[in-house]
Amino acid sequence: MDVLNLPNPSWFREEHQMIEETARSFFSKEFTPHLDRWSEAGVMDREAWIKAADAGLLGGTIPEEYGGSGGDFGFDAVIAREQGLAGADSWGWAIHTPIVAPYILHYGTEEQKRYWLPKMATGEFIAALAMTEPGAGSDVQGIRTKAERSGNGWVLNGSKTFITNGQHANLIVVAAKTDPNAPGAKGVSLFLVDTDNAPGFRRGRKLKKLGLDWADTSELFFDEMKLPAEALLGAEPNQGFVQLMRSLPQERLIIALGGMAMIERALRLTIDYVKERKAFGQRIIDFQNTQFQLAEMKTEATMAKAFCDTLVALHIEGKCDTVMASMAKYKLTELQNTVVDRCLQLFGGYGFMDEYPISRMYRDARIQPIYGGTNEIMKVLIARSL
């Protein structure tokens, strides 16, 4: 059931419909039957990544010459929605494909592109982005992990935390300070770390969290880890801050799209529930309060969906800037938490039970206003445009 009843957006074409159908079938077959087991175990099966690659979900926007399908950002938008509608919010696909792959594609050398991207498309390498540290989250200036020159290569020292895909990843893009004398966030570089051949690399705890139970969010440690010269992303050091800033709009738009998908799912599940559940001799949906609540949420969700579709179209054209992406990330994640909370209330006591999806969604949604830059930071960025 499409609760919003909006027509397909202008950017949605036949190839997007094909990947939509593929993703929907894939999640239904390969993820949904395992969600409870993965939640109990606290981690998904590594094999599921390979199956996703075989279905074409890991390389949709990677160019064909590097082993992908060569699709536009609409491919990622479609997959993000289907992932959310399936309740697979814990899966770290958004880091792997829409976030890490573009770093290599846009800033990597030709050799780096040809080495890493095909392996990402096949699932041989699972990617993670290691920016956050115990003392540095949204504030990139606080990064203390450092990389120092050693002969033709580098030596990496430091620690990272809250890293999505931290247990499965064997490709980690690490932000490290390479010029200690540079002010603020300048003097930061990004490194492509192959954990399969990495003396000095150590995975820490898989962190226990409020939600996203089977996301392998982890600590990572780098102790005198020697890196070859080609591990530096791109040809020049100290370009990391610029690379990060240019990539953040897509990251924040993906977060917004994930929030939009959860909003749609929450409304869908809640409408189904209130049509069946009875109280005081009538269905919950027959109470005017229920109708007003759902009418408000559907209206807000429809406007949000239209905004998201507009930004996807602009991003495909290269016109979605930092301010617009920040507005989407801020507003959609706030609305996501509000809608899920109001929907849970309509479930009554059952909404508090973990066996009901709305309970898990309530927990999973809470991180959305925090990662990818807190919503307070989003407001700062938006305010600069005034």
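Here is how the numbers come out for the structure above:
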item: Of all residues making up the range 333-349, the number that are closer than 24 Å to residue 38 by Cα, in contact (Cβ under 8 Å) with a residue 40 or more places away in the chain and not hydrophobic (A, V, I, L, M, F, W, C); result: 1
item: Leading residue by the ranking (most open to solvent (accessible area, probe 1.4 Å)) among those in the range 133-187 that are free of Cβ contacts under 8 Å to residues at least 24 places away in the same chain and not charged (D, E, K, R); result: 181
item: Selection count where residues are in a loop (DSSP other than H, G, I, E, B) and either in contact with a Pro (Cβ under 9 Å, 6 or more places away or on another chain) or open to solvent by 40 Å² or more (accessible area, probe 1.4 Å) (or both), scope the range 204-227; result: 4
item: In the range 276-285, residue farthest from the chain's Cα centre (by Cα) [restricted to those that are open to solvent by less than 90 Å² (accessible area, probe 1.4 Å) and of a type outside the set (A, V, I, L, M)]; result: 281
item: Members of the range 360-376 that are at pLDDT below 95 and not hydroxyl-bearing (Ser, Thr, Tyr); result: 372, 373
item: Unique match (being β-branched (Val, Ile, Thr), in a helix (DSSP H, G or I) and under 14 Å from residue 256 (Cβ atoms)) among 310, 302, 338; result: 310
item: Restricting the range 334-386 to residues that are more than 21 Å from residue 136 (Cβ to Cβ) and among the polar types (S, T, N, Q), the residue that is most open to solvent (accessible area, probe 1.4 Å); result: 345
item: Candidate set from the range 228-267 (those that are under 23 Å from residue 153 (Cβ atoms) and in a helix (DSSP H, G or I)); member that is most open to solvent (accessible area, probe 1.4 Å); result: 230
item: Cross-chain or 6+ apart pairs with Cβ under 8 Å, the range 351-376 first and closer than 27 Å to residue 249 by Cβ, then among the hydrophobic types (A, V, I, L, M, F, W, C) and at pLDDT below 95; result: 372/248; 373/248
item: Every residue from the range 330-386 that is in contact with a helix residue (DSSP H, G or I) (Cβ under 8 Å, 6 or more places away or on another chain) and small (Gly, Ala, Ser); result: 351, 359, 365, 372, 373, 385
item: Qualifying residue in the range 32-46 (condition: without any contact (Cβ under 8 Å) to a residue 60 or more places away in the chain, open to solvent by 30 Å² or more (accessible area, probe 1.4 Å), part of a helix (DSSP H, G or I) and within 30 Å of residue 300 (Cα to Cα)); result: yes
item: Residue check for residue 40: over 11 Å from residue 26 (Cβ atoms) and either in contact with a helix residue (DSSP H, G or I) (Cβ under 7 Å, 6 or more places away or on another chain) or not hydrophobic (A, V, I, L, M, F, W, C) (or both); result: yes
item: The listed residue being open to solvent by 30 Å² or more (accessible area, probe 1.4 Å) and within 22 Å of residue 312 (Cβ to Cβ), out of 92, 70, 74; result: 70
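Results for (1) within 17 Å of the chain's Cα centre (by Cα); (2) within 30 Å of residue 68 (Cα to Cα), shown as yes or no for each residue.
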{"residue": "129", "(1), (2)": "yes, yes"}
{"residue": "134", "(1), (2)": "no, no"}
{"residue": "143", "(1), (2)": "no, no"}
{"residue": "154", "(1), (2)": "no, no"}
{"residue": "170", "(1), (2)": "no, yes"}
{"residue": "175", "(1), (2)": "no, yes"}
{"residue": "207", "(1), (2)": "no, no"}
{"residue": "212", "(1), (2)": "yes, yes"}
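The values are calculated or read from the model by the stated rules, or taken from the named source; none is laboratory data. A quick note: this is a predicted structure, and the numbers were derived from the prediction, not measured. Cβ: placed from backbone, ideal geometry, glycine included. Neighbour counts: every protein chain shown. Just so you know, the surface numbers come from the protein's heavy atoms only, side chains and all, with ligands and any DNA or RNA stripped out. Shrake-Rupley method; radii C 1.70, N 1.55, O 1.52, S 1.80 Å.
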